[in-house]
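The values are calculated or read from the model by the stated rules, or taken from the named source; none is laboratory data. Since this is a predicted model, take the numbers as computed values, not measurements. When we count neighbours, we look across all protein chains shown, and the Cβ atoms used for this are built from the backbone with ideal geometry, even at glycine. Surface accessibility is based on the protein's heavy atoms, side chains included, excluding ligands, DNA and RNA. Shrake-Rupley method; radii C 1.70, N 1.55, O 1.52, S 1.80 Å.
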Amino acid sequence: MTTSTQLHFVTLLGSLRRASFNAAIAQSLPQLAPEGVSVSALGSIADFPHYSQDTQNEGFPPAVLEMAEQIKAADGVIIVTPEYNYSVPGVLKNAIDWLSRVTPQPFVKKPVAIQTASPGQIGGARAQYHLRQSLVFLDAFVLNKPEAMIGVVASKVDPQTLALTDTSTRDFLTRQISALAELARTLKK
């Protein structure tokens, strides 16, 4: 794969918890990005109010518009989220609902990778399934493989520093970012 084109990806975090394992994963991504790829974090979805058409009619919140602009400017998005009750956290769904209403819609034709991490064995697979449904509606190009579902995440993150310490997981995430870069470069042609 050629790396002649520098790419920039942004991460959308679906967790609000201070000691979130998913935040630890997202924070590791800039160091795991392959040559020719940079990764930076978007703002917090905690800054989005609950979606309501009434609120939208009063004007889009600045946090929504700023995130939409950052997504539009990026070459791709990496969504990192936990699984709540066999689905995505409500705050992430709320953020997607807000972002879907911005014109032009920032996810259209945007390459997107999904990463989930969970203390359980299957690593958030059901959240990925539901998130993929929403992203299909938004006309995003969701990376199919490799899928990043990090099970038993507590054994892969240092509890004191929240650093991702598991070498095989780090290597796997680098491969996924490389695959997203390949997709982004293919779509640019």
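Listing for the model above:
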| read-out | value |
| --- | --- |
| Number of positions in region 162-189 that are modelled with pLDDT of 95 or more, open to solvent by 70 Å² or more (accessible area, probe 1.4 Å) and not in a helix (DSSP H, G or I) | 1 |
| Selection from region 136-148 of residues that are closer than 19 Å to V39 by Cβ and among the aliphatic types (A, V, I, L, M) | A140, V142, L143, A148 |
| Among (1) in a helix (DSSP H, G or I); (2) at pLDDT below 95, the one test that E66 misses | (2) |
| Subset of region 26-74 that is in contact (Cβ under 8 Å) with a residue 60 or more places away in the chain and not small (G, A, S) - its residue that is most open to solvent (accessible area, probe 1.4 Å) | Q27 |
| Residue satisfying all of: in region 104-151; charged (D, E, K, R) and touching an Asp or Glu at 6+ places or on another chain (Cβ under 7 Å); nearest to V80 (Cα to Cα) among these | R126 |
| Some residue of region 96-108 being open to solvent by 50 Å² or more (accessible area, probe 1.4 Å), at pLDDT 95 or above and in a helix (DSSP H, G or I) | no |
| Candidate set from region 109-129 (those that are touching a helix residue (DSSP H, G or I) at 6+ places or on another chain (Cβ under 9 Å) and open to solvent by 70 Å² or more (accessible area, probe 1.4 Å)); member that is nearest to L32 (Cα to Cα) | P119 |
| When residues of region 84-95 are limited to those that are open to solvent by less than 40 Å² (accessible area, probe 1.4 Å) and not β-branched (V, I, T), the one farthest from L12 (Cα to Cα) | S87 |
| Subset of region 144-157 that is assigned to a loop (DSSP other than H, G, I, E, B) and out of contact with any Leu (no Cβ under 8 Å at 6 or more places or on another chain) - its residue that is least open to solvent (accessible area, probe 1.4 Å) | G151 |
| Residues being among the aliphatic types (A, V, I, L, M) and without any contact (Cβ under 8 Å) to a residue 60 or more places away in the chain - total across region 75-111 | 4 |
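Each row is one residue, and each column tells you yes or no for (1) farther than 26 Å from Q70 by Cβ; (2) small (G, A, S).
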| position | (1), (2) |
| --- | --- |
| V112 | no, no |
| I122 | yes, no |
| H130 | no, no |
| V136 | no, no |
| F141 | no, no |
| G151 | yes, yes |
| S178 | no, yes |
